[in-house]
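Undergrad: Take a look at the following structure, please.
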Amino acid sequence: MQLTPEIKQQLAEQKKQCIFCKLISGEIPNAKKVFEDDKTIALLDIYPAVKGHTLFMLKEHYPMPAYVSKEELTHKLSLIPGLSQAIKSAMVRTGMNVFIAMGGVAGQQSYHFMLHLLPREPEDKFFNFLLKRNTKTSEEDKKNISDLLQKILPPSSTSGKSIIPSFLTKSTEAATILYEDEKILCLLPDEASAKGQITVYSKTEERFIEKLSQQDSAHLFETAFQASRAIFEAMRAQGTNILLFSGESDDNPSGRLAIHILPRWQNDSLSGLLWEPKRAAYDLDEIASKIKDKTWKIKFELQVKKEINASAEERVPSVLTSLSHSQQEIMQAIAQMRKS
């Protein structure tokens, strides 16, 4: 989106008070840094949900994806497979969650937009993401979501349609196909954890986010952001969560790679997604060192940059085209949360 002088001034004022900007600049010392390049930084969370819980963000201050340039967003989303692999390897884990909160009711507690990367394994005693499928979406809401998503996303190529890999066949049997191309499949399940929930699958990888190419990772998450915008607008939600499952854990015994986009409202049934912040009872510096030892080789592959950008132009328009009235409402909700 075009950042007006007024928006730039607003961001500058936010940045002055942002604890993460102060950690990035070194104004607040002793950040548990595990990865850094020219645009992004990953820090160990000092109030972890699980051991190895990592916060991944752009260095520049942005409160929402809608403010971020396409180039910066693509750069960030392309690095998720590499970071996931490094964190899983360092922690010797079998699975990974990526958790994103947009809006106060969804758990966004900072104006500095970030992703939570959580390494997982069976019997790790983290049960917040055990989603119950006991909700249906009305036909009217389905149509509204589908219509809006079709407007947001461009028509997919004919060659990409109806080519569904065998590992996704069962998932389509009890769901409405909202969108697909040669790389991804967007479904609205008949039985969901929240009305309006959309699930996005990769057609190229069944189980592990770390096996996706940088290009495919960017495309998968960009599509998820578009789906988030569609259900937010169509359902008049107050916020959204984006939750990726990858590999095996108690809440993902099949190990299936999937992104769930969940609309959120005040006092809804999904408040259990959020965890209570607690200081770690173990040496964070030791954990940070283990992860950092695995991230040294991560880099944005410049040789595929043009290919990624061309693909994004052709298939998934930027999520940053405009700041809608509903996105403004999210910002107001965050501001209200910070006052309370």
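Computed from the coordinates by the stated procedures, all read-outs in this text should not be read as laboratory data. If you're wondering where the values come from, they're calculated on a predicted model, not measured in any experiment. Here the Cβ positions follow ideal geometry from the backbone for every residue, glycine too, while neighbour counts run over all protein chains shown.
Undergrad: State, to one decimal in nm², a quarter of the convex hull surface area for the C-alpha atoms of the chain, i.e. the direction-averaged projected area.
TA: Average projection, Cα convex hull of the chain: 16.4 nm².
Undergrad: Against the 2.2 N^0.38 Å scaling, with N counting residues, where does the stretch 83-218 land? I'd like the Cα-based Rg ratio to two decimal places.
TA: 1.17
Undergrad: Please sort by residue number the chymotrypsin sites (Phe, Trp or Tyr not before Pro) in the stretch 51-153 whose DSSP state is loop and whose Cβ has at most 11 other Cβ atoms within 10 Å.
TA: Phe127
Undergrad: Going highest first, how would you order 43-55, 164-176 by mean Cβ packing within 10 Å?
TA: Top of the packing list down: 43-55, 164-176.
Undergrad: Which ordering of Glu72, Glu139, Glu301 is given by a fewest-first count of other beta-carbon atoms within 10 Å?
TA: Least to most surrounded, the residues fall as Glu139, Glu301, Glu72.
Undergrad: Among the lysines, which fall within straight-line cross-link reach of Lys51, defined as a Cα-Cα distance under 21 Å, with same-chain neighbours fewer than 8 residues apart omitted?
TA: Excluding near neighbours in sequence, the set is Lys32, Lys33, Lys88, Lys125, Lys278, Lys290, Lys292, Lys294.
Undergrad: Once you have the alpha carbon radius of gyration of the stretch 1-89, what is it after dividing by 2.2 N^0.38 Å, with N set to its residue count?
TA: Relative to the 2.2 N^0.38 Å estimate, the stretch 1-89 comes out at 1.16.
Undergrad: In deg cm²/dmol, rounded to 500, what helix-only [θ] at 222 nm does the chain give when every DSSP H run of at least 4 residues adds -39500 (n - 2.57) and the total is split over its residues?
TA: -11000 deg cm²/dmol
Undergrad: Modelling each spin label as a point 7 Å along the Cα-to-Cβ direction, I'd like the Leu284/Gln10 distance in nm, to one decimal.
TA: Placing both labels 7 Å along Cα→Cβ, they lie 3.1 nm apart.
Undergrad: Would you please name the trypsin sites (Lys or Arg not before Pro) within the stretch 176-248 that are DSSP coil residues with at most 14 other C-beta atoms within 10 Å of their C-beta?
TA: Arg236
Undergrad: Sticking with this structure for a sec: Just order 274-287, 26-39, 82-95 by mean Cβ neighbour count inside 10 Å, highest at the front, would you?
TA: Going from most to least packed, we get 82-95, 26-39, 274-287.
Undergrad: Taking the Cα atoms of the stretch 134-203, report the difference between the largest and smallest coordinate on each principal axis, in whole Å and largest first.
TA: Principal-axis extents of the stretch 134-203 (Cα, largest first): 32, 28, 14 Å.
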